[in-house]
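Working notes, beginning with the structure itself.
The values are calculated or read from the model by the stated rules, or taken from the named source; none is laboratory data. Since this is a predicted model, take the numbers as computed values, not measurements. Note: ideal-geometry Cβ built from the backbone for every residue, glycine included; neighbour counts use all protein chains shown.
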Amino acid sequence: MRVVLLVSFLALGGCAGAAKKPSPIVVLHDSQARFAAFPVARSPVFVLYEDGRTIYRSNRPSGYRSVRLDEGERKRIEGLLTPELGELDQDIDVIERTPAPPPPDPSFAKLNFWRDGRRRTIYVHGYLGARSENRTRCPRAFLNLYDALREFEHAGSEPWTPEKIVVRFREHASNDQPSRWPDGWPDLTHATTRQDEEGWTLYLDFRNLDQLAAMWAHPGNSHADVEINGRRGSIHYWYSFPLEESWGY
């Protein structure tokens with residue numbers, strides 16, 4: 001098994017126009033096995049904002065929940081953002097050296113946190129389940145925070161749903177029969193749709209989630225084949241979070 005840890009230091013951008021809104025403090029993405037059936041794997045599993053608002057994916061079947069932490073609760077989480085996190089090398093490759101190459105492991109965790117107005121990002125490639133040997137090769141400073149955020153629950157929380165779903169569409173040839181993009185949904189020509197060199201970003205109302213999810217022939221797959229405006233390709237999606245442009249996609 002292989003765990004790869006990459007640390008990058010990026011200036012916090014894109015938020016000048018939203019300076020009055022509470023900025024994020026820490027954001028965790030996690031594609032580990034317990035979330036494998038969710039096509040929304042690109043959505044964070046935990047976000048803490050500076051005003052204490054917290055949005056997290058619950059371990060219970062209730063899905064995402066939200067709560068506003070008091071100062072003491074917020075500081076306990078901030079206390080796990082130790083100096084050791086910022087001192088990690090930019091590229092740490094922790095590999096189990098065996099005669100044969102380890103099998104591929106698509107699992108990853110991505111941590112964003114902010115210090116002095118700058119974003120710091122840590123990627124961990126490899127499964128980090130409680131019984132995984134990979135944990136012995138992952139820095140303790142990361143694991144302490146990762147475990148606390150991944151298992152976070154709060155009795156005072158309430159169910160949370162986003163206003164929008166973000167859909168990424170990439171055009172490519174496919175032999176599979178694509179699903180048809182429903183009439184009335186924002187398409188590639190819609191005023192809110194954005195295009196870049198890799199594809200299109202579309203924004204759907206959350207009420208369309210069930211119909212969107214039905215496009216997945218195999219719920220565990222990360223992509224679904226669709227046809228939009230006569231173009232064939234694949235989509236994946238995630239929940240839209242407040243100020244998500246701060247941490248990228």
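One table, with the values for the structure above:
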read-out: Residue under evaluation Ile235, criteria (1) β-branched (Val, Ile, Thr); (2) at pLDDT 95 or above; (3) assigned to a strand (DSSP E or B), criterion not met; value: (2)
read-out: Those residues of the stretch 53-66 which are basic (Lys, Arg) and at pLDDT 95 or above, in sequence order; value: Arg53, Arg65
read-out: Test: residue in the stretch 195-208 that is surrounded by fewer than 18 Cβ atoms within 10 Å (Cβ to Cβ), touching a residue at least 40 places away in the same chain (Cβ under 8 Å) and in a helix (DSSP H, G or I); value: yes
read-out: Residue that is modelled with the lowest pLDDT [pool: residues in the stretch 34-52 that are within 30 Å of Glu71 (Cβ to Cβ) and part of a loop (DSSP other than H, G, I, E, B)]; value: Ser43
read-out: Any hit, the stretch 119-131, residues being under 20 Å from Phe46 (Cβ atoms) and over 17 Å from the mean Cα position of the chain (by Cα); value: yes
